[in-house]
């Protein structure tokens, strides 16, 4: 068996719409985000999680606390949002006029943020956490990692041996779950962008006995 890792994107936050949130510690979950996180927690109610680990950002910590429901939460910087440096807090409309931002989105395999972080750097730090978790949890355990959209996309590209230029192939909704099986041969993608509403629709499609 493998270690199952549920990569959870934080729920909706109260940051200004159309703005790059980055690592702004003032951004918290919105009322809608709390509802999303509660729905995700309910959908995972039958899963016996061996641990819940969150990025240091308040919006991920708050999401993780709702999932943990008093069972404890670990914070790990490996799951942190990409370090966007001075881009953080700027509107996407304003950023479109920045050549560095345009290069970041057009050449994710080679481009870096103003803080010097690349998509490969992001994938490397999360894979380091995977190795630590695999070394401290038994095969078959399930762990939830609460993180950010492009962090999950970076891991999906790495797991599927895709160039980081394919990052936008993956839609990652707030309060969604992407599940990987970590084994001796690396990470295998089992589920991408699953939300509680998906689960409700699947339930409705089940035949009635």
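Read-outs: derived from the displayed coordinates by stated rules, not from any lab. Just so you know, these numbers come straight off a predicted model, no measurement behind them. Cβ: placed from backbone, ideal geometry, glycine included. Neighbour counts: every protein chain shown.
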Name every residue in the range 11-35 that is crowded, with 17+ Cβ neighbours inside 10 Å, closer than 16 Å to residue 94 by Cβ and touching a helix residue (DSSP H, G or I) at 6+ places or on another chain (Cβ under 6 Å), in order of residue number.
20
Members of the range 82-105 that are closer than 25 Å to residue 146 by Cβ and in contact with a helix residue (DSSP H, G or I) (Cβ under 7 Å, 6 or more places away or on another chain):
82, 87
Counting only helices (runs of 4 or more DSSP H) entirely within the range 91-169, those with at least 1 residues that are touching a residue at least 24 places away in the same chain (Cβ under 8 Å), within 28 Å of residue 75 (Cα to Cα) and in contact with a strand residue (DSSP E or B) (Cβ under 8 Å, 6 or more places away or on another chain) are 119-136, 149-159
For the range 1-26, name all the residues that are part of a loop (DSSP other than H, G, I, E, B) and under 21 Å from residue 180 (Cβ atoms).
1, 2, 10, 11
Just one of (1) over 18 Å from the mean Cα position of the chain (by Cα); (2) touching a residue at least 24 places away in the same chain (Cβ under 8 Å); (3) in a helix (DSSP H, G or I); (4) more than 22 Å from residue 171 (Cβ to Cβ) trips up residue 78, so point out which.
(1)
Top-ranked residue in the range 27-59 [being part of a loop (DSSP other than H, G, I, E, B) and in contact (Cβ under 8 Å) with a residue 24 or more places away in the chain; ranked as nearest to the chain's Cα centre (by Cα)]:
55
